[in-house]
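Throughout, read-outs are computed from the coordinates displayed, never taken from laboratory work. These numbers were taken from a predicted model, which means no experiment stands behind them. Backbone-built Cβ (ideal geometry, glycine too); neighbour counts: all protein chains shown.
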Amino acid sequence: MSGLLAFFIVLALFAVFGVFIFNQLVTLKHNVGKAWSNIDILLKQRHDELPKLVETCKQYMQFEQETLEKVMQARSQVASARASHDIPALGQAEGALRLGLGNLFAVAEAYPELKTNETFQHLQARISGLENAIADRREFYNDSANVNNVRVEQFPDTVVARLFGFRQFPLLRFAAEEKKDVDLKQLFSS
């Protein structure tokens, strides 16, 4: 009888421990979801601001259509990756958009009327602020995803994770272009 009681006590302890691990994994999963939502909101805000910036630039930059088109194409790629929750594609599209915006702001230097335009200055500051916020949220998302991914692989959490279908989340990575050194000579020659 005492052996059976000990068995049920050990079984109850394992059950409580399993529930504890399960609840922690649920918390981690929702933290990743929250981190993604924070990025998604900022991407949406930037998505809404970019057409205004491009339209303002079009008024001054008749001969720079290629630069404007690249920004809008990258914006479309970001929106598509965001809508499909494709984290790797979003990382690549983000790189293309950052490059396009950098080129747009560099080209704008050649248009003094545009640089002094109040709407352009406001939009440039707003988009730059959103870029910084996205970078901060990307770091928070990657940290949340990494904590989740480690826990899903660690024993004994991996047993509970596999049993209940918890999964790893991809990290939001920088595109190779974003990690290369900036060619200052090329920027100043254009």
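With Cα atoms as the point set, segment 23-134 shows a radius of gyration and Dmax of 16.0, 58 Å. In the chain, a dipole from Cβ-located charges (positive for Lys and Arg, negative for Asp and Glu) runs towards its positive end, and of GLN154, SER37, TYR141 it is GLN154 whose Cα lies farthest in that direction. Calculated FRET efficiency, GLN24 to ARG126, Cβ-Cβ distance, R0 = 35 Å: about 0.35 to the nearest 0.05.
Its DSSP H runs of at least 4 residues, each contributing -39,500 (n - 2.57), put the calculated 222 nm mean residue ellipticity of the chain at -28000 deg cm²/dmol, to the nearest 500. In this structure, LYS115 and ARG162 have a Cβ-Cβ separation that, at R0 = 35 Å, corresponds to a calculated FRET efficiency of about 0.05.
For the chain, lysine pairs separated by 8 or more sequence positions, or belonging to different chains, with Cα-Cα distances below 19 Å total 7. Both radii are taken from the alpha-carbon atoms of the chain; with Rh as the Kirkwood radius, Rg/Rh is 1.22.
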